1. Of GLY172, GLY155, GLY207, GLY220, which residue is at positive phi and within 16 Å of the ligand (Cβ to nearest atom)?
2. Based on what the data block shows, is PRO170 open to solvent by less than 20 Å² (accessible area, probe 1.4 Å), touching a residue at least 40 places away in the same chain (Cβ under 8 Å) and in contact with a Lys or Arg (Cβ under 8 Å, 6 or more places away or on another chain)?
3. Restricting attention to the stretch 322-331, report how many residues are in contact with a helix residue (DSSP H, G or I) (Cβ under 7 Å, 6 or more places away or on another chain) and either among the hydroxyl-bearing types (Ser, Thr, Tyr) or open to solvent by less than 20 Å² (accessible area, probe 1.4 Å) (or both).
4. Considering only residues that are away from the ligand (no atom under 16 Å from the Cβ) and not basic (Lys, Arg), which ones fall in the stretch 79-123?
5. Looking only at residues that are part of a helix (DSSP H, G or I) and open to solvent by 40 Å² or more (accessible area, probe 1.4 Å) in the stretch 60-78, which one is nearest to the ligand (Cβ to nearest atom)?
6. Based on this model, can you work out whether ILE19 counts as at pLDDT 95 or above and open to solvent by less than 70 Å² (accessible area, probe 1.4 Å)?
7. Based on this model, can you work out whether PHE167 counts as assigned to a loop (DSSP other than H, G, I, E, B), in contact with a strand residue (DSSP E or B) (Cβ under 7 Å, 6 or more places away or on another chain), aromatic (Phe, Trp, Tyr) and at pLDDT 95 or above?
8. Inspect the stretch 243-259 for any residue being within 19 Å of the chain's Cα centre (by Cα) and not in a helix (DSSP H, G or I) and give the result as yes or no.
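The values are calculated or read from the model by the stated rules, or taken from the named source; none is laboratory data. Everything numeric here is computed off the predicted structure, so don't read it as measured data. Neighbour counts are summed over all protein chains in view; Cβ atoms, including those assigned to glycine, are modelled from backbone coordinates with ideal geometry. Note: accessible area is taken over every heavy atom of the protein model, side chains too, but ligands, DNA and RNA are not part of it. Shrake-Rupley method; radii C 1.70, N 1.55, O 1.52, S 1.80 Å.
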Amino acid sequence: NMKKSAIRELLKLTQRPEIISFAGGLPAPESFPIEQLKEISCEVLDQDGPAALQYSATEGVTELRQLLVDRYNEEGLNIELKNLVITTSSQQGLDLLAKIFINRGDKVICGLPSYLGGLSAFNSYGAEMIGIKFDEHGMRADILEEKLAKLKSEGIKPKFIYTIPDFQNPAGITMPEFRRKEIIEIARKYDILIIEDSPYREVRFEGQAQKTIFELDGNGQVILLGTFSKIFVPGFRIGWVVANEQIVDKFVTAKQTTDLCTPTLNQKIVHKYIEKGYFDINLKKIIQQYHEKRDNMLQAFRDHMPAGVEWTEPEGGLFLFLTLPEGMDAENLFQKAIENNVAFVLGKVFHCDGSGENTMRINFSFMPKEKTTEGVKRLAKAIREEMGIE
Ligand code: PMP
């Protein structure tokens, strides 16, 4: 069932140096704390070298797990060490959850749209995805309820509901608390787990931070995934899963056959990076940088996009979502955009039912501001050409 990721294939096209690419989901390289990491790496190797270079527990290095547990509890969650496992980033979390829960032909509920890497992970274990349409608050609760009722009448119970509630990849939408509660209520009524995949949660520029679905549930029905990829560096491949004890137990068993443990050295370096206070200081800088980049992109959109094109204005994260007038196909536009030396990702690839032909995902974290403005001009030109208005 495995398919080559459409995004990876398209990204190859967009790597030509003359292309301004809004396609990838890459953090800004200028946010990487290279000097601090040199210092901390030496410290860890000097002070704790043999342990740092050794295998470690599948659950993860205890001091890092404890630190994450403490930070969550300060935020209002009520978890213990036994509820949190370190992963080789969130993608592994998604893959292992699929490995544990999905038997071929099982149904999984996801948003229209949803993160492609999640869909691919579930697909590769034989899941059949059922997409639920979005409104401006994310997954629509009324459609979810209708769908689950229909499935129940057919004797079908989906394995879980996959959600990305904060600054969603790809739509940039954040679920407000009332919608989170509606989804929890429905999940309870139909006795279905919720996967809360939240890599962008900490990257909030403005507005009110939302409680996690995990906290609002408080009942063990939610599995929360986090990662350092967007708030530290993706190259370390460190993330985590928070869940009830039985799920953690299965998760650890599944992880053992995958990689035995997440690299110990990386875990120890991240731990020290947080402990020394660098993490919190640098996160503020990342938020500031991306905030400016988002504002710059939105301004360029307002200045250059033709009438009829709409976009989301995310309060955080790395992406916004652009909708072309009904009937326009972003796939035709993609070719024109490449000719104009600008790239994006087709929104269609995030829709498990093949819809979203007139949508596209735009990343604003990677490109420097001047290039972003130029890229938006090129994109607007390609759109106008495709609309036949220039
Ligand atoms: N989930 C979502 C919603 C994502 O956008 C991404 C990365 N773009 C991931 C998971 C995977 O992130 P990582 O494996 O780097 O933690």
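1. Every option except GLY172 fails the conditions.
2. Yes; evaluated as a whole, the condition is true for this residue.
3. Number satisfying all stated conditions: 2.
4. If the condition is that a residue be away from the ligand (no atom under 16 Å from the Cβ) and not basic (Lys, Arg), then ILE79, GLU80, LEU81, ASN83, ILE100, PHE101, ILE102, ASN103, GLY105, ASP106 are the ones that fit.
5. The extreme case among them is ARG71.
6. No, not satisfied.
7. yes
8. Yes - at least one qualifying residue is present in the stretch 243-259.
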